[in-house]
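Below: one structure, written as structure tokens.
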Amino acid sequence: MTTPDNPQNQVPDETPQTFAEEAPGSGVPALAFDDRAKKSWFSRLPIISHLRQSVGLQRGMLITGLVLCGIVLICAIFAPLIAPYGFNQLGTSEGNFGSKLPPGGTHIWGTTVGGYDVFSRVVWGAQTAVAVIVVAVIMSIFAGVILGLISGYIGGWLDRILVVIADAVYAFPTLLLALVMSIAISGGQSSAWGGIAAAAFSITVVFIPQYFRVVRAETLRLKAEPFVESAIVLGASKTRIISKHIFRNATRTLPLIFTLNSSEAILTLAGLGFLGFGIEPTSASEWGYDLNKALPDVTSGVWWTAVFPGLAIVLTVLGITLVGESMNDLNDPRLRVRRKAKVKNTKPAEVSA
């Protein structure tokens, strides 16, 4: 028989607890913290997490932007299956398509003055646009983040030189700098991947200062935080501090900058093509180049050669911008629209004697 005076001999109570212990100082049951910690990595992804917490107009903007971006991605990935003809195809075994055919029949969006199918050119143009965005933004993120981390943490003369160079590049107009870089890289004439690389490199030079400035500012703030100072006291190397402690915290805003810069990359690529420094029509399809070639047709009543490539540019930029602006609003607590709390009338549980 056990007594309170001899707690070592007490038999443990096998009855399961019906309450959750509260986490210290939080007022929230510890089980709730366990559930939050067990959330899948998929639910913490930037777009997925924003979609879960969005509501009202912000949710509508985000979904609309995702739908438009999804259509562009589907066209880019499945262009050979969606487009009825090739981007440089002028006819079939039955003969040539013809010039300036109106929309309808076998050519639902008509043909251009050169005899290309407009619908096929627009669909294949999505592939070129996505390729330029991916290459340009990834390269600019890679270079801008590394330079920003090194400049912000090391400081000194290296920081001053990098800041001056970044400010000088950032002061130039985006399209003008991209135009100069495109001429220097490809000479205005290029193949498909050569044109994509030339446009991507020219856009990368423009975007590097933006990532550099953001990451550098965050690095300057983070290196004065107590956890970084503790790592220094424990003898951690600069490489470990930058890669393990500062990198993850300094790059939280990069998904937002990525979406905004993607829309700017589309406009820069279209501007290069419109000015005649884009990709040749026999190498790949590009919306800005097609829009440039369609300008003389507008005065003669041939509107379809300019409307559809222009709509592709507008809708793509609109979709990316809606996603970026929605993410910006959801990241800012002052702009975020919160869900209304649902009050449930629950009866207290009866305690059995």
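The values are calculated or read from the model by the stated rules, or taken from the named source; none is laboratory data. Quantities reported herein were computed from a predicted structural model and do not represent experimental measurements. Positions of Cβ are backbone-derived with ideal geometry, glycine not excepted, and every protein chain shown enters the neighbour counts. Ligands, DNA and RNA are stripped out before the accessible areas are found, and what is left, the full protein with its side chains, is counted by its heavy atoms. Shrake-Rupley method; radii C 1.70, N 1.55, O 1.52, S 1.80 Å.
Once label points are set 7 Å from the Cα along Cα→Cβ at both residue 164 and residue 108, what is their separation, rounded to one decimal in nm?
With each label point 7 Å from Cα toward Cβ, the separation is 5.8 nm.
According to the Cα gyration tensor, what semi-axes, each the square root of 5 times an eigenvalue, does the equivalent ellipsoid of the range 97-196 have, listed from largest to smallest in whole Å?
On the way: eigenvalues 370, 43, 23 Å².
They are 43, 15, 11 Å, listed largest first.
At a 1.4 Å probe, what is the % contribution of carbon and sulfur to the accessible area of the range 73-120? All intermediate terms of the calculation are to be shown ahead of the outcome.
Values: 1700 of 2670 Å².
Answer for the range 73-120 is 64 percent, counting heavy atoms of protein chains only.
Provide the net charge surrounding residue 207, with neighbours chosen by a C-beta distance below 13 Å and charges set as Lys +1, Arg +1, Asp -1, Glu -1.
Values: positive: 213; negative: 264.
Computed value for this residue: 0.
Give me the accessible area per residue for the range 53-185, probe 1.4 Å, as a whole number in Å². List each step's numbers first, then the result.
Details: 6720 Å² over 133 residues.
Result: 51 Å² per residue.
Convert each backbone phi in the range 102-114 into a coupling constant with the Karplus relation 6.51 cos²θ - 1.76 cosθ + 1.60 (shift: θ = phi - 60°), then list the ³J(HN,Hα) values in order as whole Hz, x for Gly and Pro.
3J(HN,Hα) across the range 102-114, in whole Hz: x, x, x, x, 6, 10, 5, 10, x, 10, 8, 5, x.
Beyond 14 Å, how much of the Cα-Cα pair distribution for the range 63-120 remains, as a whole percent?
Numbers: 970 of 1653 pairs.
So the portion of pairs separated by more than 14 Å is 59 percent.
For the range 203-322, state the average projected area of the convex hull of the C-alpha atoms over all orientations, rounded to one decimal in nm².
On the way: hull surface 39.9 nm².
Directional mean of the projected Cα hull area for the range 203-322 stands at 10.0 nm².
Based on a Kirkwood Rh over C-alpha pairs, give the Stokes-Einstein translational diffusion coefficient of the range 88-149 at 37 °C and viscosity 0.692 mPa s in µm²/s. Don't jump to the answer; show the numbers that get you there.
Numbers: Rh = 14.0 Å.
Estimated diffusion coefficient is 234 µm²/s.
In bins 5 Å wide, starting from 0, what share of all Cα pairs of the range 124-169 does each bin hold, as a percent?
5, 20, 19, 19, 11, 10, 8, 6, 3, 0
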